[in-house]
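Only one structure is covered here, and it is reproduced in the block below.
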Protein chains: 2
Amino acid sequence: MSLATTGVPNLDWTDPECPVARALDLVGDRWSLLVIRDAMDGARSFTEFQRRTGIARNILSDRLRRLVAHGLLAQRAAPSGRRQEYVLTDAGHDLFAVVLTLRQWGERHAFAPGEAHSVLVDRHGAPVPEIAPTGSDGTLLDTDTTHVRKSR
Amino acid sequence: MSLATTGVPNLDWTDPECPVARALDLVGDRWSLLVIRDAMDGARSFTEFQRRTGIARNILSDRLRRLVAHGLLAQRAAPSGRRQEYVLTDAGHDLFAVVLTLRQWGERHAFAPGEAHSVLVDRHGAPVPEIAPTGSDGTLLDTDTTHVRKSR
DNA sequence: CCCGATGAGTTGCGGATTGAAACCATCATG
DNA sequence: CATGATGGTTTCAATCCGCAACTCATCGGG
């Protein structure tokens, strides 16, 4: 099937032209990105995802299946024992920038000033600096300085 | 009320500690980020959002109300005529990096190789370069090189 | 002033999705 | 063999969503 060769599922895309819309068709629901977040933070097993997210088990079951079907997670038997394991694929791993910008936006706008929240740090313990979109000339990019060019 | 002073709504957060989860509580549904995307691309009116997204009118009505209530959009009467206008607040505007990383991820992973898609360009027409998270020392950041430090 | 068009929603309704809890099968351990 | 952990599935009620129809106000002619 074409999925195997392209890596891209054949969905009824909400808006087939727009990469934002396609991305949201894959991970734009209440839980998928939280599952991805926890996978990035070391969760592997069904029970561990359930414990960390608090998601209902039937929904988690469905989300894991979808994420596997869409190539964001890979399911495999754990080396020892009879456990399942869900690990990020390259595509799933590559959502790091998305989760990070969401995190940084949340830190700026979803907490009251002075309210405590968790922080992402690098291996030396230094806080990760904020991502700022820059153009090829190094200037800051913005809603006003960019626009979408239609696909050819 | 406290909302006015903090700018942060009082929801039942899915996971109150985690900025990612809070961000998703605000914009983590199928439509909100598409509305934001279209607002960034110049949409202002109810009908225009409806036309661009294809969302059901009652749902759009609800989403616009939520986004206004959460401080991502501001509603005001249009200068001339008797129309309503929805414009991005600073917080909404600041979602640019989130929408951009989603877009770039979608371009990489939600299209078959060679499949056409729209492109984001700067004011000179040059494609916007890909965002890559870097640490304070300039090295590329990654799931493996970062971790969450719990809030104090 | 009356008519139709447009904008901005609201309402009603059937079908799809979600959430909570219970249930089940397989293994591992004592 | 009883118990617990793991990885789900089933059931059922509550909620949400999409569609279509309807309201209500304004605007632009004629």
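The values are calculated or read from the model by the stated rules, or taken from the named source; none is laboratory data. Owing to the predicted nature of the structure, the values given are computational and were not obtained by experimental measurement. Cβ coordinates were reconstructed from backbone atoms using ideal geometry, including for glycine residues, and neighbour counts include every protein chain displayed. To get the accessible areas, we keep the full protein, side chains included, count just its heavy atoms, and leave off ligands, DNA and RNA. Shrake-Rupley method; radii C 1.70, N 1.55, O 1.52, S 1.80 Å.
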Label point 7 Å beyond Cα along the C-beta direction, distances from B:HIS124 to other copies (nm, shortest first): 3.3
Here, chain A modelled as identical Cα point scatterers in vacuum has Debye log10 I(q)/I(0) at q = 0.09, 0.11, 0.16, 0.19 Å⁻¹ of -0.38, -0.57, -1.11, -1.35
Enter the accessible area of B:THR139 (Å², nearest 10), with the probe set to 1.4 Å and all protein chains included. 70
Evaluate the Kirkwood expression for the hydrodynamic radius of segment B:84-140, namely the inverse of the mean inverse distance over all pairs of different C-alpha atoms, and round to one decimal in Å. 13.9
Where is the GNM fluctuation largest for chain A (alpha-carbon springs, 10 angstrom cutoff): A:LEU34, A:LEU73, A:LEU11? A:LEU11
Work out the charge dipole of the protein assembly as shown with +1 on the Cβ of Lys and Arg and -1 on the Cβ of Asp and Glu about the Cα centre, then indicate which of A:VAL121, B:MET40, B:THR145 is farthest towards its positive end. B:MET40
For segment A:6-68, what ratio Rg/Rh do Cα atoms give with a Kirkwood hydrodynamic radius? 1.02
Take each of the peptides A:24-31, B:98-105, average the number of other beta-carbon atoms within 10 Å over its residues, and list them starting from the highest. B:98-105, A:24-31
What average count of beta carbons from other chains do you get within 10 Å of the Cβ of residues in A:133-139? 5
Give the B-A buried accessible area in Å², both sides summed, 1.4 Å probe, nearest 100. 7300
Please give the length that would be gained between A:ARG123 and A:HIS93 if that part of the chain were fully extended, namely 0.36 nm times their separation in residues minus their C-alpha to C-alpha distance (nm, one decimal). 9.0 nm
When you look at the Cβ of every residue in A:85-98, what mean number of other chain Cβ atoms sits within 10 Å? 4
Shortest first and in nm to one decimal, what separations exist between A:ASN58 and its copies in the other chains, measuring from label points 7 Å along the Cα-to-beta-carbon line? 2.3
Hey, which residue of B has the C-beta nearest the axis mapping B onto A, and what's the distance in Å? B:THR101, 2
What are the distances, in nm and sorted shortest first, from the label point of B:THR139 to the label points of the same position in each other copy, with each label point placed 7 Å from Cα along the Cα-to-Cβ direction? 3.4
I need two numbers for segment B:38-98: Rg to one decimal and Dmax as a whole number, Cα atoms only, in Å. 11.2, 34
In Å and from the alpha-carbon atoms only, list the Rg and Dmax of the protein assembly as shown. 19.4, 70
